[in-house]
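Written out below as structure tokens is the structure these notes cover.
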Amino acid sequence: MFTRIYFIAKKEMIQLLRDRRTFGMLLIAPVIQLIIFGYVATTEVKQSGLALCDLNRTAESRGFVERFTAGGYFNVTAYVDGVDDINPILDSRQAVVAMIIPRDFDRKLARGDTAAVGIYIDGTNSNLATIVSAYIKQIAGEYSKELVFDYFDRNGITIPEIMTARPRVWFNPELKSVNFMVPGVMAILTLLLLMNLTALAIVREREVGTVEQLAVTPIKALDLVIGKSLPPMFIGYLIITLVLVLGLAWFKISFEGSVLLLYFLSFFFILACLAAGLLISALSQTADQAMWANQVFFIPNVLLSGFIFPISNMPKPIQLITYLLPMRYYLDIIRGIFLRGAGLRQHWNEALILLIWGLVVLSIASLKLKKKLV
Amino acid sequence: MIEVRNLVKRFGSRDALKGINLHIEKGMIFALVGADGAGKTTLLRTLAGILTPDDGEISILGRDIIKDPECAKEHIGYLSQRFSLNPSLTVAENIDFFGALFQVPYGEREKRTKRLMEFSRLGPFRDRQAGKLSGGMKQKLALCCALIHTPDILLLDEPTTGVDPISRRELWEILYDLLGEGVTIVVSTPYMDEAERAGEIMLIHNGRAVISGTLDQLKASYRYFLFEAVCDQNRQALRLVSDHLGKNRVMFFGDRLHIALNDGSESAGIKSLLENSGIQILSLLKIDPGLEDIFIQETSGDN
């Protein structure tokens, strides 16, 4: 049995390595994807253009504006004289936000009145607008809170314990999205490459006709499945290593956990990917069918796993679907290891789910294959 | 050696095999002859244990392979019709791969691979990838892969289709060598001349065995008196005879006509029929029927 598995695996590996182009693509794909996601897919918004209309022109109003520009999140790109001038500025994309500070800004603050600052946001890109508006609320909130504390201080009033929510981001303190993206890319690449490799593994034999010659040997379906799984498993670990090294060396992402644990828990995800690919391969009649079936499986795994959109924001029925996706569990695991330095204790249950998922799907694939072999 | 009784295989509503009976003795070449779609491949695949029949019995070396398809696999070598080896593996790697799947021990595998390569004259191409071999060499390699576990029975599905004449002759030489070693060979072919080389022949038509036996037995079963005619206007002659005797009684064989007559004396009638129409007969001889004549006799009823 072991000889057969070894020889199947060896044959697969030789086939893979002799096809230089495919193998080259296997290694280039992670690099390209990592660079794209690392640099482009960021949810931070920096240096947003701000059109300023400061009708107050006092130390107070300048101080307020400085709060916005100091953090690097906003940049004054235009000065306007009034509300009427804002539209052309937003239209010409010189700025995404316009701010109007009223004439009596400092006096109202001094009196303790509400000083209303007008904010106009370009909502064309709703994602961007949401993020920018959140920044503005946060900065303005901090500013007014400080005014209140100052007021109490000056009047010699000891500040009572007031309830404040002070969010402190622990595991990714700078909210650097690259820290968040690299583990995601690792999961996506592993899924993509492993599925593509295994989905073709059996259907290709069928197309070339070699499956018939295999069928007359005393080989067992399980030998074939295991033998065919080993080389992709090796490739999977190669990809994970490549992404990890690139992430650490190039993007300087933070890695809090244990590499050993990462490799150990990745096994369960790799198993699930292989199982899915082999099932598709066993069910497909042609390589084309297998490739499309791959897409059907791959896209929900990317979009619904929390890689881009948080699962908690999804409608309830869709949230239920996400429990079926291996990506969801693996993303939890690797983000935990990368960002929180989580240990086995936090993630054994996800690993177990992946293991069960993999074994169930693999058994179905073996059974289907057995029928097709004989 | 191989015993088949009333074998039936259906694909959907189509009956590929309609009750085939077969008896093959040890150490002979048995040829299955028939047109494309006659059921040759289906029969060979059921014998190889990769297709389960709907009805009937198959016993190979005394084992019931329908009940347990695995039990005879190590004694059977099977060569499918399509080239079905791994194109990116080399000649030697392919042979070694199948040897390992059949669990031939390592040392033995080396020895046999060497022998098979000598025997098939693939030695110089040892390290060439299988996908880059010519058609004839591919077939020889496939044969080597099917022989690495020294099977007692070799099932070959159209091994010479698409193979050049020289390679074809070499392939048959190999088969005779194997026969000398006591291997039982079942070979399917659409070529009548090739089938005539076999010890026993079975003609398959529309999923039925229409006739089987040695070539002499088949010849003895021929009902007609076969005449070979050469005329100056063969095409014209064919039409005249066919109108007179019936469509299946006359056929082109290269530049000759084969005419099947009920009686030797009928030849005089044919002669006058042709000459009266101004066709000159260059020769008219009684000949022995070939396999093709027999095949036409046996299948003409269906058409």
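General remarks:
- Qualifying residue in the range A:58-74 (condition: farther than 21 Å from residue A:144 by Cα and crowded, with 18+ Cβ neighbours inside 10 Å): no
- Residue list for the range B:66-75, restricted to those being more than 7 Å from chain A (Cβ to nearest Cβ) and open to solvent by less than 10 Å² (accessible area, probe 1.4 Å): B:72
One line per residue, one yes/no per condition, for (1) over 21 Å from the mean Cα position of the chain (by Cα); (2) modelled with pLDDT of 80 or more:
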site: A:123; (1), (2): yes, yes
site: A:129; (1), (2): no, yes
site: A:147; (1), (2): yes, yes
site: A:157; (1), (2): yes, no
site: A:162; (1), (2): yes, no
site: A:172; (1), (2): no, no
site: A:176; (1), (2): no, no
site: A:187; (1), (2): no, yes
site: A:204; (1), (2): yes, yes
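- Some residue of the range A:8-22 being of a type outside the set (Val, Ile, Thr) and either more than 14 Å from chain B (Cβ to nearest Cβ) or on the phi > 0 side of the Ramachandran plot (or both): no
- Among the residues making up the range B:45-57, those that are open to solvent by less than 70 Å² (accessible area, probe 1.4 Å) and either assigned to a loop (DSSP other than H, G, I, E, B) or within 14 Å of chain A (Cβ to nearest Cβ) (or both) are B:45, B:46, B:47, B:48, B:49, B:50, B:51, B:53.
For (1) surrounded by fewer than 23 Cβ atoms within 10 Å (Cβ to Cβ); (2) more than 30 Å from residue A:206 (Cα to Cα), each residue gets a yes or a no:
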{"site": "A:300", "(1), (2)": "yes, no"}
{"site": "A:303", "(1), (2)": "yes, yes"}
{"site": "A:318", "(1), (2)": "yes, yes"}
{"site": "A:330", "(1), (2)": "no, yes"}
{"site": "A:337", "(1), (2)": "no, yes"}
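- A single member of A:4, A:107, A:62 is touching a residue at least 40 places away in the same chain (Cβ under 8 Å) and over 30 Å from residue A:187 (Cβ atoms), and it is A:4.
- Residue-level check: of (1) within 25 Å of residue B:94 (Cα to Cα); (2) without any contact (Cβ under 8 Å) to a residue 60 or more places away in the chain; (3) assigned to a helix (DSSP H, G or I), residue A:227 misses just (2).
- Residue identified as open to solvent by 60 Å² or more (accessible area, probe 1.4 Å), more than 14 Å from chain B (Cβ to nearest Cβ), under 30 Å from residue B:74 (Cβ atoms) and in contact with a helix residue (DSSP H, G or I) (Cβ under 9 Å, 6 or more places away or on another chain) among A:230, A:222, A:278, A:274: A:230
- Filter result (over 16 Å from the mean Cα position of the chain (by Cα) and of a type in the set (S, T, N, Q)) within the range B:1-45: B:6, B:13, B:21
- Look at the range B:117-133: where a residue is over 18 Å from residue B:166 (Cβ atoms) and of a type in the set (A, V, I, L, M) and a partner is assigned to a loop (DSSP other than H, G, I, E, B) and open to solvent by 50 Å² or more (accessible area, probe 1.4 Å), sitting 6+ places away or on another chain with Cβ atoms under 6 Å, you get B:130/B:87.
- Residue check for residue A:86: more than 18 Å from residue A:135 (Cβ to Cβ) and surrounded by 15 or more Cβ atoms within 10 Å (Cβ to Cβ): yes
- Qualifying residue in the range A:33-55 (condition: touching a Lys or Arg at 6+ places or on another chain (Cβ under 6 Å) and either more than 14 Å from chain B (Cβ to nearest Cβ) or not charged (D, E, K, R) (or both)): yes
- Within the range B:1-44, the set of residues being out of contact with any helix residue (DSSP H, G or I) (no Cβ under 9 Å at 6 or more places or on another chain), in a strand (DSSP E or B) and of a type outside the set (Val, Ile, Thr) comprises B:3, B:5, B:6, B:10, B:14, B:15, B:18, B:19, B:21, B:23, B:30.
- Helices (runs of 4 or more DSSP H) fully within the range B:87-196 that include at least 3 residues being within 14 Å of chain A (Cβ to nearest Cβ), surrounded by fewer than 17 Cβ atoms within 10 Å (Cβ to Cβ) and more than 21 Å from the chain's Cα centre (by Cα): B:106-120.
- Matching residues in the range B:212-225 - criterion: being buried (at least 18 other Cβ atoms within 10 Å of the Cβ) and in contact with a helix residue (DSSP H, G or I) (Cβ under 6 Å, 6 or more places away or on another chain): B:218
- Yes/no for residue A:288 being more than 14 Å from every other protein chain (Cβ to nearest Cβ), buried (at least 16 other Cβ atoms within 10 Å of the Cβ) and among the acidic types (Asp, Glu): no
- Flag for residue A:2 being open to solvent by 30 Å² or more (accessible area, probe 1.4 Å) and within 11 Å of another protein chain (Cβ to nearest Cβ): yes
The values are calculated or read from the model by the stated rules, or taken from the named source; none is laboratory data. Quick caveat, the model's predicted, so the values are computed rather than measured. Cβ coordinates were reconstructed from backbone atoms using ideal geometry, including for glycine residues, and neighbour counts include every protein chain displayed. Protein only, heavy atoms only, side chains kept; ligands, DNA and RNA dropped before computing areas. Shrake-Rupley method; radii C 1.70, N 1.55, O 1.52, S 1.80 Å.
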